[in-house]
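Have a look at the structure below before the remarks.
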Amino acid sequence: MIETLIWIVVGLVAIGLYLSWTAGRLDRLHARIDAARAALDAQLLRRASVAQELATSGVLDPAASIVLYEAAHAARQAEEENREVAESELSQALRAVFGEAEQMEAVRAAPGGEQAAGELAAAVRRVPMARRFHNDAVRAARALRRHRKVRWFRLAGHAPFPMAFEMDDEPPTALADRPGSG
Amino acid sequence: MRIGIVCPYSWDVPGGVQFHIRDLAEHLIGLGHEVSVLAPADDETPLPPYVVSAGRAVPVPYNGSVARLNFGFLSAARVRRWLHDGTFDVIHIHEPASPSLGLLSCWAAQGPIVATFHTSNPRSRAMIAAYPILQPALEKISARIAVSEYARRTLVEHLGGDAVVIPNGVDVDFFAKAEPKAEWQGGTLGFIGRIDEPRKGLPVLMKAFPRILEACPDTRLLVAGRGDEEEAVASLPAGMRGRVEFLGMVSDEDKARLLRSVDVYVAPNTGGESFGIILVEAMSAGAPVLASDLDAFAQVLDQGAAGELFANEDAEDLAKAAVRLLGDPVRRTELRERGSAHVRRFDWATVGADILAVYETVTDGAASVATDERLGLRARWGLARD
């Protein structure tokens, strides 16, 4: 009798430890998503700022300037629910404006243009990177949260179910001459 | 930035991953970053100042061959001490899924962790059995890097999630500026790799060699690498054995000079390659490349635009392509030029910038790396001493 009770207690303690460890794992995953999301936001903002700077610099022709300014402005001001669409539209605008190598050459030739071009190239390469890391974290958290033990014992608490950030982040060809990096 | 790099394989045994880590560490130090590499090494081995020994690796049969791995209580303690002393902004683990230092550090650390997956092994039963154990460690990795599109695909299939592709780096100028050696020039084919490792493909080349000699009798084959030389030429007719010259193990300088000298560099590997750094080195040295059409090789050679491909393990096809190349100096010059332009994307200047971009992306808005206090129960109940 006593022996059975001891075994039951041991079993319960083991289950408790396992659940506590799983909750710790989930907590760490949520922290990872938050950090990845912050990094993604920073990269998106950087990209929009460089685009806006270029649009107002006078290096581009007026039509291209307006298109790029519109898109960059919309991306920076977008509400959370429209963010993915606005950022995708900025990617499309960047592709349209910097689709040709000549346009990039013109930017580089302008005073301070070399630096601006470098910043834009870095920004359009880092956005897909940051997005991939963010969505990878989201996938890992979702896989764990779908597990029975997490659902039955409500280990996720009130944390919202993590959502992937889906957008078109294809960089302009003139800026993505290094394949296999996106 | 304070960067910690974890090397899973013995520092004293030469290998692709070790060289990659050495070059990466030296490149980053050159840019002014603080770098510490944790690697298995014998206590007697002289180590560069930036390498910290994690103790001697133990040879264990793993994954079909004998691997030298680090595990156990002592190694785990060394990993924790290294993490604690280093206070790194980011740690970069290589091969986190191999049961060695990579996995141990993944287990012991928390904070921004970057991991590079080098190999693309088919999913093994051990991996499937270990999946529930691996997953909690692997899900701590904030950013995954695969060395090729092919490696990324296998990673996604086996472990889920996603990775960015950053190729291995090569010091292009080191190869491009090497001095050709006259005695290695004039109708020569080059091969570099372990002679007794069938996956490196020397037997395929030996099978094709008589046909190449029939068409171009002056051809010589230069072979650099360890292994039994007599066994390697055993399949050749006695009269042709003299056309094969064995150079043994060569230094980095001689390797570069060899690649600068040969008319065609042949890479007949039959499998097990996830990147193909030797092709990039050959192209950097301006050698026209003829390689088997493995996924990884085709990608490095830009689907055949920067080098010729032949059907894998097909000696007939290899011989035909080699003869065609040896007799066509115009095509060779064209390949030289295309190759030299193509390899710039594998130069450390480019690759290093990409890796730093990954570091900066994961450290944006994150605390530094610390040891993972796994027994956090006491802390959670407020009983831990601070």
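Of all residues in the stretch B:16-37, those satisfying the criterion of being on the phi < 0 side of the Ramachandran plot and part of a loop (DSSP other than H, G, I, E, B) are B:Leu31, B:His33.
B:Pro99 meets the conditions (1) of a type outside the set (Asp, Glu); (2) farther than 16 Å from B:Ala370 by Cα; (3) modelled with pLDDT of 85 or more in every case but one. The failed one is (3).
Tell me yes or no: at least one residue of the stretch B:136-152 is away from chain A (no Cβ under 14 Å), within 23 Å of the chain's Cα centre (by Cα) and surrounded by 18 or more Cβ atoms within 10 Å (Cβ to Cβ). No. With respect to the conditions (1) under 30 Å from B:Ala353 (Cα atoms); (2) crowded, with 16+ Cβ neighbours inside 10 Å; (3) touching a residue at least 24 places away in the same chain (Cβ under 8 Å), B:Glu157 falls short on a single one, namely (2).
Of all residues assigned to the stretch B:116-132, at least one qualifies as being crowded, with 22+ Cβ neighbours inside 10 Å, within 14 Å of chain A (Cβ to nearest Cβ) and hydrophobic (A, V, I, L, M, F, W, C).
Scanning the stretch B:164-181 for residues that are touching a residue at least 60 places away in the same chain (Cβ under 8 Å) and closer than 21 Å to B:Leu326 by Cβ turns up at least one hit.
Of the residues A:Ala96, A:Ala75, A:Ala86, A:Ala64, which single one is more than 30 Å from A:Ala164 (Cα to Cα) and free of Cβ contacts under 8 Å to residues at least 60 places away in the same chain? Explain how you work it out, then say what you get.
Working: A:Ala96 fails: more than 30 Å from A:Ala164 (Cα to Cα); A:Ala75 fails: more than 30 Å from A:Ala164 (Cα to Cα); A:Ala86 fails: more than 30 Å from A:Ala164 (Cα to Cα).
Exactly one residue qualifies, and that residue is A:Ala64.
Considering only the stretch A:14-32, I want to know if a residue exists there that is more than 15 Å from the chain's Cα centre (by Cα), in contact (Cβ under 8 Å) with a residue 60 or more places away in the chain, more than 11 Å from chain B (Cβ to nearest Cβ) and farther than 30 Å from B:Ala137 by Cα. The answer is no, given that none of the residues of the stretch A:14-32 is more than 15 Å from the chain's Cα centre (by Cα), in contact (Cβ under 8 Å) with a residue 60 or more places away in the chain, more than 11 Å from chain B (Cβ to nearest Cβ) and farther than 30 Å from B:Ala137 by Cα. Note on the stretch A:143-170: residues that are under 23 Å from A:Asn82 (Cβ atoms) and at pLDDT 85 or above total 10. Is it the case, given these coordinates, that B:Ser105 is at pLDDT 85 or above and out of contact with any Leu (no Cβ under 6 Å at 6 or more places or on another chain)? Taking the combined requirement at face value, the residue satisfies it. Whenever a residue of the stretch A:144-170 is within 14 Å of another protein chain (Cβ to nearest Cβ) and part of a helix (DSSP H, G or I), its partners that are of a type in the set (Ser, Thr, Tyr) and surrounded by fewer than 12 Cβ atoms within 10 Å (Cβ to Cβ), lying with C-beta atoms within less than 9 angstrom and at least six residues away or across chains, give the pairs A:Lys149/A:Tyr18. Of all residues in the stretch B:203-249, those being in contact with a Gly (Cβ under 7 Å, 6 or more places away or on another chain) and touching a residue at least 40 places away in the same chain (Cβ under 8 Å) number 3.
The rows are residues; the columns are (1) part of a helix (DSSP H, G or I); (2) within 14 Å of another protein chain (Cβ to nearest Cβ).
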{"site": "B:Leu259", "(1), (2)": "yes, no"}
{"site": "B:Gly272", "(1), (2)": "no, no"}
{"site": "B:Met283", "(1), (2)": "yes, no"}
{"site": "B:Ala291", "(1), (2)": "no, no"}
{"site": "B:Ala306", "(1), (2)": "no, yes"}
{"site": "B:Ala319", "(1), (2)": "yes, no"}
{"site": "B:Arg331", "(1), (2)": "yes, no"}
{"site": "B:Thr350", "(1), (2)": "yes, yes"}
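With respect to A:Glu87, is the statement that it is outside any loop (DSSP other than H, G, I, E, B), acidic (Asp, Glu) and crowded, with 20+ Cβ neighbours inside 10 Å true? Yes: the conditions hold for A:Glu87. When the stretch B:154-180 is filtered for residues that are at the interface with chain A (Cβ under 10 Å from one of its Cβ atoms) and in a loop (DSSP other than H, G, I, E, B), the ones remaining, listed by number, are B:Gly160, B:Gly161, B:Asp162, B:Ala163, B:Ile166, B:Pro167.
The values are calculated or read from the model by the stated rules, or taken from the named source; none is laboratory data. It should be emphasised that the depicted structure is a prediction, and the values quoted were computed from it without experimental measurement. Because the Cβ atoms are built from the backbone with ideal geometry, glycine has one as well, and the counts that use them run over all protein chains shown.
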